[in-house]
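Data first, discussion second: the structure below is written as structure tokens.
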Amino acid sequence: MPAAVPAIATVTAFLKARRLTHLRCHARSGAITIESGPKADPDPRIRLKKLSPVVWMVEEFHHSGRWASLPIQAPLPDALSTVATDFSWLLEA
């Protein structure tokens with residue numbers, strides 16, 4: 001998890017800057033998950049996984065209950081920006 005600790009601040013700042021107050025994030029096992037809903041029963045939306053020191057991949061939580069890869073592999077700020085631009089429905093309330 002230490003690799004994701006500085007990145008969690010980047011994701012938190014992204015959510016705050018875009019006023020996505022219905023979303024929150026947490027780090028676990030080198031991945032960062034963005035979720036909504038009550039903490040007792042969260043609704044996972046996006047998972048960011050570190051592939052290299054600077055490249056992250058993005059996955060969406062599919063209605064089937066599994067994670068599905070999105071065609072995004074980029075530095076974390078670029079990956080988040082691409083999600084907001086090209087996959088904005090994943091961030092909607």
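Which members of the stretch 1-25 meet the condition of being modelled with pLDDT of 95 or more, open to solvent by 70 Å² or more (accessible area, probe 1.4 Å) and not in a helix (DSSP H, G or I)?
Scanning the stretch 1-25 gives Arg18, Arg19, Thr21.
So which pairs qualify, if the first residue must be in the stretch 17-29 and farther than 12 Å from Pro42 by Cβ, the second must be assigned to a loop (DSSP other than H, G, I, E, B) and of a type in the set (Ser, Thr, Tyr), the Cβ gap must be under 6 Å, and the two must be at least 6 apart or on different chains?
No pair meets every condition.
Which residues, counting only those in the stretch 66-93, are in a loop (DSSP other than H, G, I, E, B) and among the hydrophobic types (A, V, I, L, M, F, W, C)?
Matches in the stretch 66-93: Phe87, Ala93.
Starting from the stretch 60-77, keep only residues that are over 17 Å from Leu91 (Cβ atoms), then list their pairs with residues that are open to solvent by 70 Å² or more (accessible area, probe 1.4 Å) and of a type outside the set (Val, Ile, Thr) whose Cβ atoms are within a distance under 7 Å, requiring at least 6 positions of separation or different chains.
Gln73/Leu51
From the set of residues in the stretch 36-93 that are within 13 Å of Leu23 (Cβ to Cβ) and either touching a Cys at 6+ places or on another chain (Cβ under 8 Å) or among the hydroxyl-bearing types (Ser, Thr, Tyr) (or both), which is most open to solvent (accessible area, probe 1.4 Å)?
Here the residue is Ser88.
The values are calculated or read from the model by the stated rules, or taken from the named source; none is laboratory data. The structure presented is a predicted model; accordingly, all values stated were derived computationally and were not measured. Using ideal geometry, Cβ is built from the backbone for each residue, glycine included, and neighbour counts are taken over all protein chains shown. Side chains included, ligands, DNA and RNA excluded: accessible areas come from the protein's heavy atoms. Shrake-Rupley method; radii C 1.70, N 1.55, O 1.52, S 1.80 Å.
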